[in-house]
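Colleague: One structure follows; several queries about it will come next.
Taken together, the values in this text are just the output of simple stated rules run on the coordinates, not laboratory data. No experiment lies behind these values; they were computed from the predicted model shown. For neighbour counting, all protein chains shown are included, and Cβ atoms are generated from backbone atoms with ideal geometry for every residue, glycine included.
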């Protein structure tokens with residue numbers, strides 16, 4: 001388990017567009033799916049990562065708490081399924097159904113979408129305002145597997161609430177920390193080192 005921090009994409013960055021299949025419905029999801037929202041959250045997660053397993057119930061709760069308030073959410077997994085078959089679309093679908101996710105969970109086979117967002121780890125979070133400008137990137141909260149800090153989602157929740165209310169999000173943001181994205185051989189991005 002390689003502990004990898006997020007890259008901290010510059011605040012204000014415009015969300016890159018994407019078009020990826022939802023592993024549950026098979027429907028294609030893109031930024032246009034979320035154009036009527038007050039904010040947009042893209043999270044990079046996977047099925048096998050212990051950092052994601054540690055917070056997965058909070059991810060479910062985020063969907064329950066904020067989608068009805070106008071937050072669009074998509075989860076994306078991009079791990080190389082040849083070397084990490086636990087993260088295959090079929091296993092992601094099982095994960096989504098078992099957890100009861102109420103937002104799309106997409107598989108990025110080419111890994112180009114997560115590269116466009118400069119994602120580095122699972123979990124990695126990117127929050128955008130209604131104009132798809134980045135207001136927050138970083139950790140869910142200070143909890144990590146084994147550190148005995150409760151999972152509350154405090155950092156991300158504070159940013160979501162400010163973004164939904166069109167308030168300025170505190171720019172003092174801590175990187176997320178998790179397992180490295182499992183890049184296909186030869187596909188590692190230049191920012192990832």
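Colleague: What's the number of the only condition in (1) touching a residue at least 60 places away in the same chain (Cβ under 8 Å); (2) under 30 Å from residue 190 (Cα atoms); (3) crowded, with 21+ Cβ neighbours inside 10 Å that residue 71 fails to meet?
Modeller: (2)
Colleague: Can you tell me how many residues within region 126-159 are touching a helix residue (DSSP H, G or I) at 6+ places or on another chain (Cβ under 6 Å) and either over 18 Å from residue 6 (Cα atoms) or not in a loop (DSSP other than H, G, I, E, B) (or both)?
Modeller: Counting residues in region 126-159 that are touching a helix residue (DSSP H, G or I) at 6+ places or on another chain (Cβ under 6 Å) and either over 18 Å from residue 6 (Cα atoms) or not in a loop (DSSP other than H, G, I, E, B) (or both) gives 5.
Colleague: Right, next: So, of the residues in region 95-111 that are assigned to a helix (DSSP H, G or I) and touching a residue at least 12 places away in the same chain (Cβ under 8 Å), which turns out to be surrounded by the most Cβ atoms within 10 Å (Cβ to Cβ)?
Modeller: 95
Colleague: Could you count how many residues in region 18-50 are out of contact with any helix residue (DSSP H, G or I) (no Cβ under 6 Å at 6 or more places or on another chain), closer than 14 Å to residue 131 by Cβ and assigned to a loop (DSSP other than H, G, I, E, B)?
Modeller: The total comes to 3.
Colleague: Same structure, new question: Looking at region 160-179 only, could you name the residues that are more than 18 Å from residue 56 (Cβ to Cβ), in contact (Cβ under 8 Å) with a residue 24 or more places away in the chain and assigned to a helix (DSSP H, G or I)?
Modeller: 162, 163, 164
Colleague: Among the candidates 40, 18, which residue alone is buried (at least 23 other Cβ atoms within 10 Å of the Cβ) and farther than 10 Å from residue 105 by Cα?
Modeller: Criteria check complete, one pass: 40.
Colleague: Further question on the same structure: Going through region 58-94 one residue at a time, which ones are over 25 Å from residue 15 (Cα atoms), touching a helix residue (DSSP H, G or I) at 6+ places or on another chain (Cβ under 8 Å) and part of a helix (DSSP H, G or I)?
Modeller: Within region 58-94, 85, 91 qualify.
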